[in-house]
């Protein structure tokens, strides 16, 4: 695997190192030793799949509060995603900054998202599937979110007719002080 740190401290793009021959390729998609060598949380205790029927489906921007703050490893297994993360750690040099990456079934690229980040995505094709590895169990009482179009972040989403859950549309405007509970995660 090839690990490339993004401009957001602790968030990495991970590309597969493919061993190819006439049959296709073989690649390792997760290795505890390599994650530890890059200072990443290697714990995986839950895996999730998100299937999205329609292009323009937007999910996010979600995170969990401590003690259930979670690191995620996200990969698109079918279709195309515009994947977005926001650094919500008040003690981080990239606090309130965001990045977007294109994850596709074809490029097999993964995004490692540290604890203290909000995560969301917009599908760019019908029938898009996302696979997540999570470092913590889902804890509904700790689940939080920020609105996908919150003016504090100014995320540049692709133009599309969007399908967004009522819950994700109703998050209030974020204030930086809301994220004080994420100091030190």
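Observations, loosely collected:
- Helix-only CD estimate at 222 nm, as mean residue ellipticity for the chain, using -39500 (n - 2.57) per DSSP H run (n ≥ 4): -1000 deg cm²/dmol
- Beta bridges by DSSP in the stretch 2-182, antiparallel share as percent, to the nearest 5: 95 percent
- Ranked by how many other beta carbons lie within 10 Å on average, peptides 140-149, 114-123, 44-53 from highest: 114-123, 140-149, 44-53
- Reducing the stretch 93-143 and the stretch 40-89 to their Cα centroids gives an inter-centroid distance of 3 Å.
- Residue of 73, 58, 19 that the Gaussian network model of the chain assigns the largest fluctuation, springs spanning Cα pairs under 10 Å: 19
- Listed by Cβ neighbour count within 10 Å, with the fewest neighbours leading, 124, 61, 1 appear as 1, 124, 61.
- Sequence-distant contacts, meaning Cα pairs under 8 Å at least 6 residues apart, place the relative contact order of the chain at 29 percent.
- Footprinting exposure proxy for 55, 72, 43 (fewest neighbouring C-beta atoms within 10 Å first): 43, 55, 72
- Residues 102, 129 in ascending order of nearby Cβ atoms (within 10 Å, fewest first): 102, 129.
- The equivalent ellipsoid of the stretch 23-65 has semi-axes of 27, 21, 9 Å, largest first, where each one is the square root of 5 times an eigenvalue of the Cα gyration tensor.
- Cα-based Kirkwood hydrodynamic radius, the stretch 2-182, one decimal, Å: 16.8 Å
- FRET E, pair residue 45, residue 3, Förster distance 22 Å, beta-carbon r, rounded to 0.05: 0.55
Coordinate-derived values only; no laboratory data. Model, not experiment: these values are computed from the prediction. No Cβ is skipped: glycine too gets one built from the backbone with ideal geometry, and neighbour counts run over all protein chains shown.
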